[in-house]
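The values are calculated or read from the model by the stated rules, or taken from the named source; none is laboratory data. Model, not experiment: these values are computed from the prediction. Don't worry about glycine lacking a Cβ; one is built from the backbone with ideal geometry, like all the others, and counts go over all protein chains shown. SASA here: full protein model, heavy atoms, side chains in, ligands and nucleic acids out. Shrake-Rupley method; radii C 1.70, N 1.55, O 1.52, S 1.80 Å.
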Amino acid sequence: MNAPAPSDLRIITSRFDTDDGHTLAGYERTGGYGGLRRALAMAPADVHGEVRAASLLGRGGAGFPAGVKWGFCPPEVWPRYLVVNGDESEPGTYKDRLLMERDPHQLLEGCLIACYALGLSQCFLYVRGEMAHAQERLAAALNEAYDAGYVGANVLGAEDFSVDITLHWGAGAYIVGEETALIESLEGNRGMPRLKPPYFPASIGLYGKPTIVNNVETLSNLPWIVANGGAAFAAMGAESSTGTRVFAVSGHVAAPGVFEVPFGTTTFRDIIFDPRYAGGMRPGRTLKTFIPGGASAPWFFEEQLDLPLEKAAVDKAGSMLGSGAIVVMDDTTDVVEACHNVVRFFARESCGKCTPCREGTSWLEKILSRILAGQGRPQDLDLLMDVCDNISPGVSWPPRQTTICPLGPSAVSPIASALERFRADFEAYLPATAVSVTTASGAAP
Amino acid sequence: MSEPETVVNITVNGRPVQAAPGEWVIAAAERAGVYIPHFCYHPRMKSVGMCRMCIVDIDTGRGPALQPSCMVAVSEGMVVDTASEQTRKAQDGVLEFLLLNHPLDCPVCDKGGECPLQDQTMAYGPGESRFVEEKRHYEKPIPVNSLVYLDRERCILCDRCTRFADEVAGDPLITFQDRGDQTQVNTFPDLPFSSYFSGNTVQICPVGALTAVPYRFKARPWDLAEVESTYPNPMGDRVVVQASRDQVLRYQGVDSDAVNWGWLTDKDRFAFEAAASDLRLAAPLVRGTPLGQPDHSGRELVEATWGQALGRAADAIQSAVADKGPQSVAVLGGARLTNEDQYAWARLAKGVIGTDHVDAQLDDGLPADAVLGLPRATVNRACSPGGTVILLAPDPKEEQGTLYLRLRHAVANDGVQLIELTPRATGLSRLASFRLHHRPGEAAAVAAALVGGDTEAAADGDIGGVPAAAVAAAAAAIADRADQPVTVVLGRPSLAESADFTVAAADELARFANLLSAGGRPGIAFLPVLHRGNVMGALDMGLAPGLLPGRISLADGGPVLAEAWGSVPTASGAGARGILQAAAEGRVEVLILLGADPLGDFPDQKLAAEALDGAGTIVASDLFLNPSALRAHVVFPAAGFAERQGTHTNLEGRITSQRQVVTPPGTARADWAIAAGLAGRLGADFGFGAAEDVWDEISRVAPSHRGLVLEAIDAADDGVVATDSSISFAPPRPATPVPPVDAYSLRLVAARRMYDRGTLVQHAPSLAGLASPAVLALNPYDFDRVGVEPGADVRVISSAGEMDTPVVADPGVPRGTAAFGYNHPDRDARDLVDPEAVVTDLRVQTR
Amino acid sequence: MARLNPGSLAIAQEIISRYPVARSALIPLLHLAQEQDGHVTEEAMAHIAELVGVTPAEVMGTCSFYEMLKREPVGEYMVNICNGISCHLLGSSELIHHAEATLGVRPGGTTDDGKITLEAVECIAACTEAPCLQVNYRYRNRVSTADFDQLVDDLRAGTAGVAPHGKLAKVRQHIGDERRAGVAVPDGQAQPAWLARNPTDAESGS
């Protein structure tokens, strides 16, 4: 096992063990707002340069380089906005909430650095509605930071730098984690994703203006990057996946937990089996499958355990690191139920805007429910795959889509993964008379 | 649309296609004859890419990929394949998804037979359903308002109706509710989709989810005979008229680029009910025994033959002319007739009888020279991107629904800046750049400051009740955009003030012509909005005092028309008010009413009543036995819209055709035939055998219409705009002074609303209930001053009368002004407006 | 139980003032209405429509999209058992069945005493603490059936230390006027001043 000790190189979870890390006093005592002070001593473009040099990948799910995304703002269009995506809701994902609850000032400092670097005139901090504790921790941190002169008019006394951070709550809708849906929601609308192009809100976003939408974890890295330099950040982790990343390992492991590890060098085997992390399977159990990057990701198996937690490697292997959510299932798992659980999630969370997702995901869920209820028909397994194909033509990875956003194709992942690997588990649910019949009928492509 | 400056070359299904820059793939393909199936896409609304039916393979150099063709703009070299295996599979998949929860009740669905979903399913759909689960269930049709039902089980959530409500009509009162596969369209509880335009949602619904109450279960599409025509409203909305068993059952809007873009108001869409009313006149009527003498004793109107009725009318005219001269005959109305009808009546009145006492307007419009003597705009000019519109008119939302939709689109989407020069807020106020809400009667002062830029002079920083700074800012904004067209929408903003004030304001704005037209700039033009469907045709055809057909004065056109007609009146006649005054004084022997109801429709009710009492013989040609026709001695049943051929002239001067689809009730005839028949009795043979013959004569003798042959009008997509005019704008100078308002009074603004006690509304059962008594509206800050409470019942007193009414707060009414509805049932502004005064002031008291 | 009361209205006005476009305040105001009445009443929606300048139907469109906003009365405590994949793997279904039996209601139902509404919800981001639940959006981690029974007892006894449904964060953001940078309205903004900074100036100033 080559994984570094959990205490090594912690960047953004370094205050998780500090009781008062969420207070301004605790934050300042542990070096807080040093990054901001350093940033304000630099030209804004140079701050952007440090972030670019850090090769910081977005931590929300898509893994797009933050410094590049920042560069998509069209010149001379003002104002520009910053929207913080704190709507963490991908099943299995649990890290942004901790960052907001335990180190809110770190996030605020990251926001201020981004606003300074890019000339963003106002910041909206969109926190998932169900996270009452995170909301109050951030509200308290904001009130302290305003009073102390870190946020608001004349940040740290600067005559030319003023920016408000407005705390905003959601109200329960997974799809709002999609950045254009987040903007719709922030505008007071139904959280339905916008059509692409434009592909990035950086060109046309909130109120039609250039808008940077960054994930909580992404922004929480900025104070360290600016304080220590982008090069120092890039020196950690793998070449194309730099710094550290926070992973939540849940499910059938001995010690579920949230771990900050060097990005790109740690392997799935390390983080699942190393006793310093999740500690392996529960006693007497063996690995059946695991989801490497949140419910949307195709499932991995034993043979992928030695892949590094590195974006390109995981992409190449046919899945994604997504939101840093590793869900482990052991040999006791009923994969049909697990598959249904994930598909039900997407069916319930479909916004309803486009036909294939609205109708397709709920149809998939209904078929799976029927199979679980012992009412399956022989043709249902092929039907499942064909419905998947009509949502995501080719059922390949990365997914193509007939939908507006990736939510619909996300429901395809668990079905394609589970049916391919565990078809017999599904067939076992079909009534005995059904299994003996060939599956040729009815499922014309 | 103007020709694209450049062309984008794309390939659609292997064929080269030239597209316009920025054009959606779906539109470019359709122009090239390749239909891409779709449900949510609508060319007059923003694309949303929701239904996904139009996804096709589009290759922009990186290989073919499925993309929604309603959201992808053409680009040079793009290759589109609408028939690839991948496309077909994806579209079949979407269709199957849409059908999962769609009920199979096509046999009882109004949309059956004209349903895009049904069509697609027949063409491409799966033979049998793979969906064995329970479909979604909702309560079957629920009313979203009194005219439109919504069946949510049939709805495919394409967002057309909700987008229309929000984007086009500006009435977002139906929205998506709930989420995912539970998403539904609905209103807020107990808050109906109260929009003047709701029927459009029925027309654009791609399934049978929205149905129109007046049409429900009336017919199947394949039983409908249909023809394209022009709805007789001032916009001249293009429509398809659909009929079955000789009865009109539906109007559908036609997407005319120049005019209505496919939209209709509910008032017009559902007015077809009135045409089928049992109360329609179906036979001529005469008072007393048909063979006897005119009977003033109040005996009943009884049915007569056409010969008897025409004879009675001709006799009356002949004796009037013989005894008192041609000027003892007067003609009122005609603004709702076709151009041909109007011409025939004009020729009868002016060329045969010899009277110029002819007026199609009922003292509620503008002088003909303000319409025909100012540079005329088109709707497209007013709406051209980046231009300026000055609204010196009544609220277009209330009075000119489809013009409102066009203007709204232009202001909301095309960067047109709107400057309201109105006495109160309008339906467009929320979008207006400048709201110059002046004191009633004082538009001219504001206009003068706008043009002259002299806003400093105002001592108290106030011009006509508008802050001088706002006027100055608006003037600067006009100047900033002087390279783009400036268009004045011109009409009577209030019927409680003299038309002189509007004319004076137009006179001031006309001075812009010099300032704005320099250096080849487009300058200023006027788009007149007046009441009654073909009022513009009436002016063009000479149904106004001092005018002859072809936009020419009696003086200038006399020799021209005399050649064709034999003679023309020797002296200018009186307008509507003068005619009624003469009648009241016993100087009108024969009063001819052409679809006119002075008792119901003339602003001065007292005068109208006295006039009908004092007139000799009253001859009415009408669809209904309205209160004035009830007083007539001879009543001709006239053919209405869709019952006769003809042409129509809209507010731009655009001439388009109307078509006959059904036969008129009973023996009703087109007005041109009635006029010609009467002329025959008076010894003049017009030689008209059909409406086309009348137009043929118009195109030969009316100077502005010379050479405008019917074939050319019908061949053009949007008809032909007649542009010539030899009328000069001659405003009265000096302008009429505005009397000061005393500190205890409020100055009245009286304007029409969409639904009123007009004949068509009241005879259409679905619409009649939408008209309501007027209520007094004051600025919220005026209540304390006046000493009443919002919502209270108050007594209102003017120099003309008094009445009791509820009073409501309306921030759209400026301080010091009171607004009250005109032509409403039961409580109506006409009982307060002082016809003798140029403005009307009110006092409000608690009861 | 109706429109926003004066206290809520004052908070609503402050919330609205933080946004360049009033409509953005819609969801926070709906939460405020829910905090006031325990659910979002139609009267409150109509009031909010007035406050942000939209129609009540538009407010309904937004409100009905989001699961937390309840348009019908619910219990004093919403007990939301997570049924996400991680919790599912560690027994959430059994916990839900237990809760149904204990409370005598199906998910979505409210106990007869009006105290508790049970819901089975999607992932609430406590995946390593499965199975978990929230009471009025306050977490309970690694919940056993015994823990659940204790929780129900505490809720019924009023000793659970959880505010009634509708109340979310116990701390509100407040920006004093003197500290306010000001909203960035979408139109008419120039490039922010600080972007013109160069390092030398900045260093000399720090």
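Of all residues in the stretch B:834-843, which are modelled with pLDDT under 95 and within 27 Å of B:Tyr755 (Cβ to Cβ)?
Selection gives B:Asp834, B:Pro835.
Which condition from (1) closer than 23 Å to C:Gly84 by Cβ; (2) more than 10 Å from chain A (Cβ to nearest Cβ) is the one that C:Ala126 breaks?
If we test C:Ala126 against (1) closer than 23 Å to C:Gly84 by Cβ; (2) more than 10 Å from chain A (Cβ to nearest Cβ), just (2) comes out false.
Please determine, by comparing only the residues of the stretch C:1-59 that are surrounded by fewer than 24 Cβ atoms within 10 Å (Cβ to Cβ) and of a type in the set (S, T, N, Q), which one is farthest from the other protein chains (Cβ to nearest Cβ).
Checking each candidate, the answer is C:Asn5.
I'd like to know if the stretch A:336-352 contains one or more residues that are touching a residue at least 24 places away in the same chain (Cβ under 8 Å), surrounded by 24 or more Cβ atoms within 10 Å (Cβ to Cβ), in contact with a strand residue (DSSP E or B) (Cβ under 9 Å, 6 or more places away or on another chain) and under 18 Å from A:Thr267 (Cβ atoms).
For the stretch A:336-352, residues touching a residue at least 24 places away in the same chain (Cβ under 8 Å), surrounded by 24 or more Cβ atoms within 10 Å (Cβ to Cβ), in contact with a strand residue (DSSP E or B) (Cβ under 9 Å, 6 or more places away or on another chain) and under 18 Å from A:Thr267 (Cβ atoms): absent.
For the stretch A:152-169: of the residues being acidic (Asp, Glu) and outside any strand (DSSP E or B), which is nearest to the other protein chains (Cβ to nearest Cβ)?
Once the filter is applied, the top-ranked residue is A:Asp160.
Consider the stretch A:98-116. How many of its residues are part of a helix (DSSP H, G or I), crowded, with 24+ Cβ neighbours inside 10 Å and more than 9 Å from chain C (Cβ to nearest Cβ)?
So the answer is 13.
A:Arg377 - would you say it is over 22 Å from the mean Cα position of the chain (by Cα), surrounded by fewer than 22 Cβ atoms within 10 Å (Cβ to Cβ) and in contact (Cβ under 8 Å) with a residue 12 or more places away in the chain?
Considered against the rule, which asks whether it is over 22 Å from the mean Cα position of the chain (by Cα), surrounded by fewer than 22 Cβ atoms within 10 Å (Cβ to Cβ) and in contact (Cβ under 8 Å) with a residue 12 or more places away in the chain, A:Arg377 comes out as yes.
Can you confirm whether the stretch A:410-420 contains a residue that is within 13 Å of chain B (Cβ to nearest Cβ) and either outside any helix (DSSP H, G or I) or within 28 Å of B:Gln184 (Cα to Cα) (or both)?
Looking for residues that are within 13 Å of chain B (Cβ to nearest Cβ) and either outside any helix (DSSP H, G or I) or within 28 Å of B:Gln184 (Cα to Cα) (or both), one finds at least one in the stretch A:410-420, hence yes.
For B:Arg44, work out the one condition from (1) under 27 Å from B:Ser256 (Cα atoms); (2) without any contact (Cβ under 8 Å) to a residue 40 or more places away in the chain; (3) assigned to a loop (DSSP other than H, G, I, E, B) it doesn't fulfil.
If we test B:Arg44 against (1) under 27 Å from B:Ser256 (Cα atoms); (2) without any contact (Cβ under 8 Å) to a residue 40 or more places away in the chain; (3) assigned to a loop (DSSP other than H, G, I, E, B), just (2) comes out false.
Residues of the stretch A:175-194 being open to solvent by less than 10 Å² (accessible area, probe 1.4 Å) and either without any contact (Cβ under 8 Å) to a residue 24 or more places away in the chain or within 16 Å of A:Tyr33 (Cα to Cα) (or both), which ones?
Passing the criteria: only A:Gly188.
Return yes when A:Thr403 is closer than 25 Å to B:Gly180 by Cα, of a type in the set (Ser, Thr, Tyr), touching a residue at least 40 places away in the same chain (Cβ under 8 Å) and in a loop (DSSP other than H, G, I, E, B) and no when it is not.
Spelling it out, A:Thr403 is indeed closer than 25 Å to B:Gly180 by Cα, of a type in the set (Ser, Thr, Tyr), touching a residue at least 40 places away in the same chain (Cβ under 8 Å) and in a loop (DSSP other than H, G, I, E, B).
Going through the stretch B:397-423 one residue at a time, which ones are of a type outside the set (A, V, I, L, M) and part of a helix (DSSP H, G or I)?
Matches in the stretch B:397-423: B:Lys397, B:Glu398, B:Glu399, B:Gly401, B:Thr402, B:Tyr404, B:Arg406, B:Arg408, B:His409, B:Asn413.
Go through the stretch A:240-257 residue by residue and tally those that are surrounded by fewer than 22 Cβ atoms within 10 Å (Cβ to Cβ) and either in the same structural domain as A:Thr93 (by TED's automatic domain parsing) or touching a Ser or Thr at 6+ places or on another chain (Cβ under 8 Å) (or both).
The number of residues fulfilling the criteria is 2.
Select, from B:Thr121, B:Thr87, the only residue that is among the hydroxyl-bearing types (Ser, Thr, Tyr) and surrounded by fewer than 20 Cβ atoms within 10 Å (Cβ to Cβ).
Going through B:Thr121, B:Thr87 in turn, the sole match is B:Thr121.
Between B:Val79, B:Val74, which is farther than 19 Å from A:Ser392 by Cα, among the aliphatic types (A, V, I, L, M) and open to solvent by 20 Å² or more (accessible area, probe 1.4 Å)?
Of the residues listed, the single one that is farther than 19 Å from A:Ser392 by Cα, among the aliphatic types (A, V, I, L, M) and open to solvent by 20 Å² or more (accessible area, probe 1.4 Å) is B:Val79.
Taking the condition of being buried (at least 23 other Cβ atoms within 10 Å of the Cβ) and more than 22 Å from A:Lys353 (Cβ to Cβ), how many residues in the stretch B:148-177 meet it?
Within the stretch B:148-177, residues that are buried (at least 23 other Cβ atoms within 10 Å of the Cβ) and more than 22 Å from A:Lys353 (Cβ to Cβ) number 1.
Have a look at A:Gly119, A:Gly129, A:Gly177, A:Gly188 and point out the one that is under 17 Å from the mean Cα position of the chain (by Cα), facing chain C (nearest Cβ under 10 Å) and farther than 19 Å from C:Asp177 by Cβ.
Result of the check over A:Gly119, A:Gly129, A:Gly177, A:Gly188: A:Gly129.
Scanning for something without any contact (Cβ under 8 Å) to a residue 40 or more places away in the chain, open to solvent by 20 Å² or more (accessible area, probe 1.4 Å) and out of contact with any Pro (no Cβ under 8 Å at 6 or more places or on another chain), does the stretch B:392-408 turn up at least one residue?
no
Do we find that B:Arg312 is assigned to a helix (DSSP H, G or I), crowded, with 21+ Cβ neighbours inside 10 Å and among the basic types (Lys, Arg) in this structure?
yes
Just need a number here: residues in the stretch A:200-239 that are within 24 Å of B:Arg179 (Cα to Cα), open to solvent by 10 Å² or more (accessible area, probe 1.4 Å) and in a loop (DSSP other than H, G, I, E, B).
0
Given the condition farther than 14 Å from B:Asp266 by Cβ and away from chain C (no Cβ under 14 Å), answer yes or no: does some residue in the stretch B:172-186 qualify?
no
Among the residues that make up the stretch C:133-141, is at least one of them loosely packed, with under 15 Cβ neighbours inside 10 Å and under 21 Å from A:Ala255 (Cβ atoms)?
yes
Starting from the stretch A:30-47, take each residue that is more than 10 Å from every other protein chain (Cβ to nearest Cβ) and list its partners that are assigned to a helix (DSSP H, G or I) and modelled with pLDDT under 95, counting only C-beta distances under 6 angstrom and pairs at least six apart or across chains.
Taking only residues 6 or more apart or on different chains, not a single pair turns up.
What do you reckon, is A:Gly172 over 17 Å from the mean Cα position of the chain (by Cα), open to solvent by less than 10 Å² (accessible area, probe 1.4 Å) and either in contact (Cβ under 8 Å) with a residue 40 or more places away in the chain or within 8 Å of chain C (Cβ to nearest Cβ) (or both)?
Criteria not met by A:Gly172.
Can you name the number of the only condition in (1) modelled with pLDDT under 95; (2) within 14 Å of chain A (Cβ to nearest Cβ); (3) under 30 Å from B:Leu173 (Cβ atoms) that B:Cys106 fails?
(2)
Mind listing whichever residues of the stretch B:684-712 are open to solvent by 20 Å² or more (accessible area, probe 1.4 Å) and without any contact (Cβ under 8 Å) to a residue 40 or more places away in the chain?
B:Asp685, B:Gly687, B:Gly689, B:Asp693, B:Asp696, B:Gly707, B:Val709, B:Glu711, B:Ala712
Which of the residues spanning the stretch B:752-790 are open to solvent by 30 Å² or more (accessible area, probe 1.4 Å), aliphatic (A, V, I, L, M) and touching a strand residue (DSSP E or B) at 6+ places or on another chain (Cβ under 8 Å)?
B:Val775, B:Val786
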